[in-house]
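Got a structure for you, written out below as structure tokens; questions coming shortly.
The values are calculated or read from the model by the stated rules, or taken from the named source; none is laboratory data. All values derive from a computational prediction rather than experimental measurement. Positions of Cβ are generated from backbone atoms using ideal geometry, with glycine treated the same way; all protein chains shown enter the neighbour counts. Calculation scope for accessible area: heavy atoms of the full protein, side chains included, ligands and nucleic acids excluded. Shrake-Rupley method; radii C 1.70, N 1.55, O 1.52, S 1.80 Å.
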Amino acid sequence: MKQFALFAATAVAALSLAGCGDQSGGGAGATRDQIRAVGSSTVYPFATAVAELFVQGNPGMKSPIIESTGTGGGMKLFCAGVGAQHPDIADASRRMKKAEFDQCQSNGVKDIVEIQVGVDGLAFAESKQGPGLKLTPKIVYEALAANPYGKGPNKAQTWKDVDPSLPAIAISVFGPPSTSGTRDSLAELILTKGCETDPAMEELKKKSEDEFKATCTRVREDGKYVDSGENDNLIVQKLGANPNAVGVFGYSFLEENKDTLKDVPINGIEASYETVSTGQYPGARPLYIYVKKAHMQAIRGLQGFLDTFAANWNPDGALTKRGMVAAPEDVRKKSAEVVKSLSVLDGSQLK
């Protein structure tokens, strides 16, 4: 009976996709001879590189549509439903959240394949003409938190106000918006770690998880932190025009712009291929793609696109030449097996 139910669900999904694909006069149906991926601005350059390689290896296939919507925005689009009007892949610079998985399930996106494609670092950078800041999660938290340690609105105006060892330069940080996985990583890997240096925060966490999260991750809105959208290249440009500012984005964008930018060390550790790949760097994080299993047969070339990803994520592969950090060997091996078997994600593992 279970096998019959699975077959029936797959058949309905395939019919839904086929029906949308047969629509005429533009709309979603007009694009379903192409793979469509949405999501992370960090994963975007790697997904576009895979799209180029996929087309080169499959003459006659249309280039996949890759959209940079931010991880959160991509998950909303991905989880909206099964069918040609919905994307096949969500790119993510953090793991899918339990709430997103539940949203997918409620909209009929039942079988989701999770593939870790690489590793990235949440880089902090400044202009080559910058002051040479050296930061810690505690300093970043106290500079950017809306309500540091729950003691009232953040009044720090300069880095020196936060830590006497730093210069009296106005706090100015260009970073990702709330829809971005990079912003989620900033909250989880840096702000929360800095917040937790105060022992009272552990008691707050026991008392109220929601209050703890708001205290530790809500960013001030008085202009010291500037939401710069999903275009990380725009942050690079703003750093050139603002030598005393700090930018927050994926490591690959720092690597690509080493001629104009320099790293801001966190806990004395610089973001580099080695420190990110080994996990030494405090901002190291995994990169994922999520795929709808129901679309695998209905969308031509989707398996080939996944195979192209897997063939190029090794340390000497095309993706590392674009700035991605290869995942450890055991992770790559596991991910390659998932690409072949298309084993589905167990939502109970998510947070």
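Gap in Å between the Cα centre of the stretch 117-146 and the Cα centre of the stretch 184-251?
The distance from the Cα centre of the stretch 184-251 to that of the stretch 117-146 comes to 9 Å.
If you don't mind, another one. With Cβ to Cβ distances under 10 Å as the rule, what net charge do the other residues near ALA37 carry (K, R +1; D, E -1)? Spell out each step's value before the answer.
Details: positive: ARG36; negative: GLU67, ASP88, ASP91.
Taking every Cβ under 10 Å from that of ALA37, the sum is -2.
Quick one: grab the alpha carbon gyration tensor of the stretch 93-193, order the square roots of its eigenvalues as a ≥ b ≥ c, and give me rounded if a/c is under 1.5, else prolate or oblate depending on whether a/b is larger than b/c. If you can, show how the numbers build up before the last one.
Numbers: a/c = 3.40, a/b = 2.02, b/c = 1.69.
Taking the square roots of the gyration eigenvalues as a ≥ b ≥ c, the stretch 93-193 is prolate.
Distance in nm between label sites at SER63 and ASN314, each 7 Å beyond Cα in the beta-carbon direction?
2.7 nm
Around ASP259, with a cut-off of 15 angstrom between Cβ atoms, what is the net charge of the other residues, counting Lys and Arg +1 and Asp and Glu -1?
Working: positive: LYS128, LYS258, LYS262; negative: GLU126, GLU255, GLU256, ASP263.
Counting the neighbours of ASP259, the net charge comes to -1.
What does the accessible area of ARG95 come to, in Å² to the nearest 10, when a probe of 1.4 Å is used?
80 Å²
In nm, what is the difference between 0.36 nm times the number of residues separating LYS160 and GLU329 and their Cα-Cα distance?
Values: separation 169, 0.36 × 169 = 60.84 nm, distance 4.26 nm.
Value of the extension gain: 56.6 nm.
Okay, moving on. Please work out which option in [x] 141; [y] 151; [z] 178 gives volume of the Cα convex hull per residue in Å³ calculated from these coordinates, and answer with its label.
The listed entry that was calculated here is [y].
Please name whichever of MET61, ILE299, PRO131 sits farthest to the positive end of the charge dipole of the chain, dipole taken about the Cα centre and charges placed at Cβ: Lys and Arg +1, Asp and Glu -1.
Highest projection toward the positive end goes to ILE299.
Still on this structure, I have one more. Kindly express, to the nearest 10 degrees and within the range 0 to 90, the angle between helix 2-21's C-alpha long axis and the longest C-alpha principal axis of the chain.
Helix 2-21 and the main axis of the chain meet at about 90 degrees.
Here is a follow-up. Using the alpha-carbon atoms, what tilt in degrees (0 to 90, nearest 10) does helix 329-341 show relative to the longest principal axis of the chain?
30 degrees
Starting from the Cα gyration tensor of the stretch 263-351, multiply each eigenvalue by 5, take the square root, and state the resulting semi-axes largest first in whole Å. Show your work: numbers first, answer last.
Working: eigenvalues 166, 53, 24 Å².
Over the Cα atoms of the stretch 263-351, the ellipsoid semi-axes are 29, 16, 11 Å.
Considering only DSSP beta bridges whose two residues both sit in the chain, what percent are antiparallel, to the nearest 5? Don't skip to the answer; put the middle values down first.
Values: 24 of 37 bridges.
Antiparallel bridges make up about 65 percent of those DSSP assigns within the chain.
OK, next. At R0 = 30 Å, how high is the FRET efficiency between GLU211 and ARG322 if r is their beta carbon distance? Nearest 0.05 is fine. Present the calculation step by step, with values, prior to reporting the outcome.
On the way: r = 41 Å, r/R0 = 1.37.
E between GLU211 and ARG322, to the nearest 0.05, is 0.15.
Hey, another quick one. Once the piece of chain linking VAL226 and LYS110 is laid out straight, how much longer is it, given 0.36 nm per residue of separation minus the C-alpha distance between them? Write out the running numbers ahead of the final one.
Values: separation 116, 0.36 × 116 = 41.76 nm, distance 3.72 nm.
Contour length minus the Cα-Cα distance gives 38.0 nm.
Can you give me the distance in nm between label points at ASP102 and ASN242, each placed 7 Å from the Cα along the Cα-to-Cβ direction?
3.7 nm
In debye, nearest 20, what is the charge dipole magnitude of the chain about its Cα centre with +1 on Lys and Arg Cβ and -1 on Asp and Glu Cβ, if you could check? Working shown, then result.
Numbers: 39 positive and 41 negative charges, 79 e Å.
Dipole magnitude for the chain comes out near 380 debye.
Mind running the shape call on the stretch 69-143? Use the C-alpha gyration tensor, a ≥ b ≥ c as the square roots of the eigenvalues: rounded below 1.5 for a/c, prolate if a/b tops b/c, oblate otherwise. Before the final figure, lay out the partial values.
Working: a/c = 3.19, a/b = 2.64, b/c = 1.21.
Here the stretch 69-143 falls in the prolate category.
Given the DSSP H assignment, sum -39500 (n - 2.57) over each helix run of at least 4 residues in the chain and divide by its residue total; what's the result at 222 nm in deg cm²/dmol, nearest 500?
Working: 16 runs with 137 residues, N = 351.
Result for the chain, helices only: -11000 deg cm²/dmol.
Can you tell me the order of 230-236, 328-334, 62-68 when each peptide is scored by its average per-residue count of other Cβ atoms within 10 angstrom, highest first? Don't skip to the answer; put the middle values down first.
On the way: 230-236: 19.6, 328-334: 12.9, 62-68: 17.7.
Descending mean neighbour count gives 230-236, 62-68, 328-334.
If I model a spin label as a point 7 Å beyond the Cα along the Cα-Cβ vector, how far apart are those points for GLU52 and ILE269 in nm?
3.1 nm
If you don't mind, there's one more thing I want to ask. What is the gain in length, in nm to one decimal, between SER178 and THR260 on full extension, counting 0.36 nm per residue of separation less the C-alpha to C-alpha distance?
26.8 nm
Let me ask something else. For the chain, find the longest principal axis of its Cα atoms and tell me its angle to the long axis of helix 232-241, 0 to 90°, nearest 10.
Rounded to the nearest ten degrees, it is 30.
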